[in-house]
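> Please see the structure below; I have some questions.
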Amino acid sequence: MSSQDWDEELVKTYEDLYNDVYNLAVEKCETHSGTAVASTMIGIAMRLFRTALSDTEYMNMMEFIVNNAEEVKPYITSEYTSSSIH
């Protein structure tokens, strides 16, 4: 399925959710290290996946994440302020 096949309303919903969570992360980086915020968010994400997916789907998701780790691009550090020196 290409992105052209996606329902525009669904895409808008996901974009809005992404922006909401991103803004929350940026806000939390003002008072906590980026690493602390990220590790908390990934822990929550993994539990949500574990709850919503079957064992096989969960393991496939984790494998996909690991296998595509190099595809993830960092944010430009000026996009947020972090108390972390890393």
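The values are calculated or read from the model by the stated rules, or taken from the named source; none is laboratory data. All of these numbers come straight from a predicted model, not from anything done at the bench. For neighbour counting, all protein chains shown are included, and Cβ atoms are generated from backbone atoms with ideal geometry for every residue, glycine included. Just so you know, the surface numbers come from the protein's heavy atoms only, side chains and all, with ligands and any DNA or RNA stripped out. Shrake-Rupley method; radii C 1.70, N 1.55, O 1.52, S 1.80 Å.
To keep it simple, each residue is scored yes or no on (1) among the small types (G, A, S); (2) open to solvent by less than 100 Å² (accessible area, probe 1.4 Å); (3) at pLDDT 95 or above; (4) under 17 Å from the mean Cα position of the chain (by Cα).
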site: R47; (1), (2), (3), (4): no, no, yes, yes
site: A52; (1), (2), (3), (4): yes, yes, yes, yes
site: T56; (1), (2), (3), (4): no, yes, yes, no
site: K73; (1), (2), (3), (4): no, no, no, yes
site: S82; (1), (2), (3), (4): yes, yes, no, no
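> Going by what's in this entry, would V26 be described as at pLDDT below 95 and surrounded by 12 or more Cβ atoms within 10 Å (Cβ to Cβ)?
Yes; evaluated as a whole, the condition is true for this residue.
> Could you run through region 4-40 and say how many residues are of a type outside the set (G, A, S) and under 18 Å from T77 (Cα atoms)?
14
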